[in-house]
Amino acid sequence: MRRIIATRPVTWLLARTIHRIDAAVFRATGGRTTAGALLTGLPLITLTTTGAKSGRPRTVTLVGIPDGGRLIVIASNWGQAGHPAWYYNMKANPEVTVAGGRDGPAGRLYVARELVGAERAAAWARAVALYPGYQGYAARAGREIPVMALEVAG
């Protein structure tokens, strides 16, 4: 299933639809899971950022890769040329809330920071080992895909 999801036509379709399906399943299960998690077995989270321009809450479902006490998220934007909006939101307002996964439906506050150098390379390798589709996204995107660490606030 993960291999199919990484193909260009399926990626195109999911980039435009999965957020609606995930939100509905997340609500229906009381915040326990998403449609994507059920289909792929990937550790999906619901990430809420503060809009860089609007200041309003923005929620998106992402793969949240456990890495010790933190989570790693990949700003692949499904292999599109530009970074996803949530990346810019995190850069402007690094405090984010994560729900789902180990944080449960209520969520937990994290602080985001972009990884660079060897730390980025190690996190990228961990992400690709979990979901090889990230390599295809990077090739299609034609840009270095940002890797963000989410560390528990406080």
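The values are calculated or read from the model by the stated rules, or taken from the named source; none is laboratory data. Just so you know, these numbers come straight off a predicted model, no measurement behind them. All Cβ positions, glycine included, derive from the backbone under ideal geometry; neighbour counts span all protein chains shown. Please note that ligands, DNA and RNA were not included when accessible areas were found on the heavy atoms of the full protein model with its side chains. Shrake-Rupley method; radii C 1.70, N 1.55, O 1.52, S 1.80 Å.
Of everything in segment 52-96, what is under 21 Å from Arg140 (Cβ atoms) and loosely packed, with under 15 Cβ neighbours inside 10 Å? Give them in sequence order. Break it down stepwise before answering.
Going through segment 52-96, the residues under 21 Å from Arg140 (Cβ atoms) turn out to be 60-63, 65, 72-88.
The answer is Ala81, Gly82.
Among the residues in segment 103-117, are any within 25 Å of Ala24 (Cβ to Cβ), charged (D, E, K, R) and free of Cβ contacts under 8 Å to residues at least 12 places away in the same chain? No, because not a single residue in segment 103-117 is within 25 Å of Ala24 (Cβ to Cβ), charged (D, E, K, R) and free of Cβ contacts under 8 Å to residues at least 12 places away in the same chain. When you scan segment 137-145, do you find a residue that is buried (at least 18 other Cβ atoms within 10 Å of the Cβ) and either part of a helix (DSSP H, G or I) or free of Cβ contacts under 8 Å to residues at least 40 places away in the same chain (or both), even just one? The answer is yes, given that some residue of segment 137-145 is buried (at least 18 other Cβ atoms within 10 Å of the Cβ) and either part of a helix (DSSP H, G or I) or free of Cβ contacts under 8 Å to residues at least 40 places away in the same chain (or both). The condition (being farther than 15 Å from Val98 by Cβ and at pLDDT below 90) is satisfied by just one residue among Ala52, Ala6: Ala6. So is Ala149 at pLDDT 90 or above, closer than 14 Å to Ile72 by Cβ and open to solvent by less than 50 Å² (accessible area, probe 1.4 Å) or not? Considered against the rule, which asks whether it is at pLDDT 90 or above, closer than 14 Å to Ile72 by Cβ and open to solvent by less than 50 Å² (accessible area, probe 1.4 Å), Ala149 comes out as yes. In segment 118-135, how many are in contact (Cβ under 8 Å) with a residue 24 or more places away in the chain, open to solvent by less than 30 Å² (accessible area, probe 1.4 Å) and assigned to a helix (DSSP H, G or I)? Adding up the residues that qualify gives 4. Among the residues that make up segment 103-114, is at least one of them at pLDDT 95 or above, charged (D, E, K, R), assigned to a strand (DSSP E or B) and open to solvent by less than 70 Å² (accessible area, probe 1.4 Å)? Checked segment 103-114: at least one residue is at pLDDT 95 or above, charged (D, E, K, R), assigned to a strand (DSSP E or B) and open to solvent by less than 70 Å² (accessible area, probe 1.4 Å). The single condition from (1) modelled with pLDDT of 90 or more; (2) within 12 Å of the chain's Cα centre (by Cα); (3) part of a loop (DSSP other than H, G, I, E, B) that Leu47 fails is (3).
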